[in-house]
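The values are calculated or read from the model by the stated rules, or taken from the named source; none is laboratory data. Being a predicted model, the structure only gives us computed values, none of them experimental. Neighbour counts are summed over all protein chains in view; Cβ atoms, including those assigned to glycine, are modelled from backbone coordinates with ideal geometry. Surface accessibility is based on the protein's heavy atoms, side chains included, excluding ligands, DNA and RNA. Shrake-Rupley method; radii C 1.70, N 1.55, O 1.52, S 1.80 Å.
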Amino acid sequence: MTPNEHATANDETRRLEQAADWAALLREDASEADIVRWMEWCEADPRNQDAFDRVQSFWRVAGGLAGEVENGELTSASRTESIGDRRPAPPAAPRRRRMPRFAVAASALLATVAVGALSWNLYQRLYWPEVGGEAVVAAAADPVRNARLPDGSRVQLATRSVVEVNYTEDRRFLALRDGEAYFSVAHSPERPFVVHVDDVRVRAVGTAFNIRRAGQRSVVTVTEGTVEVYRERDGNEVRAVAGERVTWEETGHMQSVPEKDSTAGGDLRVAAVDVSEVLAWREGRLEYTDEPLYAVIADFNRYSEHPVEIHGDAVRRLRFSGTLLTDVTEEWLYALPHLFPVDVRRQGKAYVIEPRNSQAG
Amino acid sequence: MTDERQSPEQAPRTHLRALSELFEQHNRMLVSFLVNRLGNEAEAKEVAQEAYVRMLQLHKPGAVSFLRAYLFRTAANIAVDRLRRRTRAEHAEPVYQSEDLFDSNSPDRELIAREQLDAVRRALLELPERYRRAFLLSRIEGMRTADICKRLGLKASQTRLYLRRVTAYCRLRMDGLTEEEAKPRVFP
């Protein structure tokens, strides 16, 4: 080892020792001043933060020995001489605690979570039990939430929309759980950018696109580049370019709300679209052309404090063309009977849309 | 339509902006800090969120330096509460659940985790017993430095030295250094 390498090696060891000291201090009675000093230490040199992370990861791994410790000593300590030849039996599988299943890759950590999100159903929304990744959430009171992702991609979320982000070194996975979001994808072909909508995968190829989930209906609109949409369950796959959209509906519910021009229910369908209309939600307007009423109402319900229910399949299948201003949703609702043969009535905090005169008398 | 905004939204905009910046700049460090405390990442993130909620309810804006320290202090307090609620039995379990390690899309993950655990076990067995015991009491039994001192009849400075050296040594061994390479680095 040259003197230089020697110094570097020593340096690294000292960092690890300092990190170990900090970790021990912070686990016990760290004062505010200690915490501030620790942060300054971390920020002083990226190698410090790195050493701290490495110490943490050792600490985590060492926790796996819990099943092999009795009375403060490893059960295998008495037969140290044979340790090279035989592997101690792995500890019994630890009892699973009820805990959300998270991917823990450090790269999945997202620094961008909307602060406004905290006011709205915080825990339910931030911790989806079934998928790894961190959630970006738009709050009820915010029409548009901008979030920057770790790779420089951007997401704009509509009110009450939830996107989960799960990045690793070789892929960028996201999931649209609810609502509507517009993605502007940073170019990085070796690291696919894929948005999951249940079992449908929307893969971006140097792209900006919008996804909207409304009830059982989902719509992907491409504003730049190309997307590939692939559905796991049946292998259905389509491609769409800028100015096109892909729509599909959940098959389980297809019978009650079929696309009027659809023959094979639930297929991924590609059609041309007016992109500016689709993106108008970012200015507080939802614009529709020939949209099933139930899908409009699913959007409506994200923007309104007063949930709306539709009674009757015929009403669900009505087609709406027009604009819904997201800050005056109630007025829009009262206008509906002028457009369609329906009645709108209040039921507690909610509203019901039903075929006209269905309430006899 | 009535606009039923939640109370945190009524906090002054400047305060919200300051918190938002705080969050962006320090979230990683805060989670790192809490993982160290709590031993698992999911709970660390929960506590981080809870701390932010409490910060949002704090209606007086303050200097960012104050907010930062306050945020970590708040988070630390929540973490302490949670640790108190944990029973002795829960503590004896590996606090980092192996599912944290194994829940990954990569099938190699489990193998890597096993190999790391083997490396740590081997490294610990290469160390003097008093070092190993001090570490296991801290890590597995969840004992505080003062209690470890009592149990093993050590001075506080010795216990700290042992924990520091065990950690550095095991980490270097995990990183692939041999016993012969790692020992002189940590035990001068």
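Among the residues of B:114-123, the average count of other protein chain beta-carbon atoms within 10 Å of the residue beta-carbon is 5.
Spatially, the range A:328-361 and the range A:223-249 are offset by 35 Å when compared through their Cα centroids. The order of A:Arg317, A:Arg172 by accessible area, most exposed first and with a 1.4 Å probe, is A:Arg317, A:Arg172. When Rg and Dmax are taken over the Cα atoms of the range A:292-360, they come to 11.0, 33 Å. Within straight-line reach of B:Lys183, meaning a Cα separation under 12 Å, sit the following aspartates and glutamates at least 8 residues removed in sequence or on another chain: B:Glu126.
For a straight C-alpha distance cut-off of 14 angstrom, the aspartates and glutamates reachable from B:Lys155 (same-chain residues fewer than eight places away being disregarded) are B:Asp147.
Reducing the range A:170-186 and the range B:129-184 to their Cα centroids gives an inter-centroid distance of 44 Å. Placing +1 on the Cβ of each Lys and Arg and -1 on the Cβ of each Asp and Glu in the range A:169-219, which of A:Val205, A:Ala186, A:Ser218 has its Cα farthest towards the positive end of the resulting dipole? Final value for the positive-end residue is A:Ser218. Over all projection directions, the Cα-based convex hull of the range A:145-241 averages an area of 5.8 nm².
The order of B:Met55, B:Met143 by accessible area, most exposed first and with a 1.4 Å probe, is B:Met143, B:Met55.
Note on A:Asp170 and A:Val194: their simple-model spin labels are 1.2 nm apart, each label 7 Å out from Cα toward Cβ.
By the scheme Lys and Arg +1, Asp and Glu -1, what is the net charge of all other residues having a beta-carbon under 13 Å from that of A:Thr8? Working shown, then result.
Working: positive: A:Arg14, A:Arg15, A:Arg47, B:Arg185; negative: A:Glu5, A:Asp11, A:Glu12.
Summing Lys/Arg as +1 and Asp/Glu as -1 gives +1.
Cross-link partners of A:Lys349 among aspartates and glutamates, defined as those whose alpha carbon lies under 15 angstrom from its own and excluding same-chain residues fewer than eight positions apart: A:Glu305, A:Glu309, A:Glu330, B:Asp3, B:Glu4.
When only alpha carbons are used to place a centre, the range A:198-217 and the range A:7-50 end up 43 Å from one another.
For A:Asp327, the solvent-accessible surface computed with a 1.4 Å probe is close to 110 Å², ligands and nucleic acids excluded. Across the options B:Gln158, B:Gly176, B:Ala146, the greatest Cα extent toward the positive end of the charge dipole of the range B:144-188 (unit charges at beta carbon of Lys, Arg, Asp, Glu) belongs to B:Ala146. Kirkwood radius, the range B:134-188, all distinct C-alpha pairs, inverse of mean reciprocal distance: 11.8 Å.
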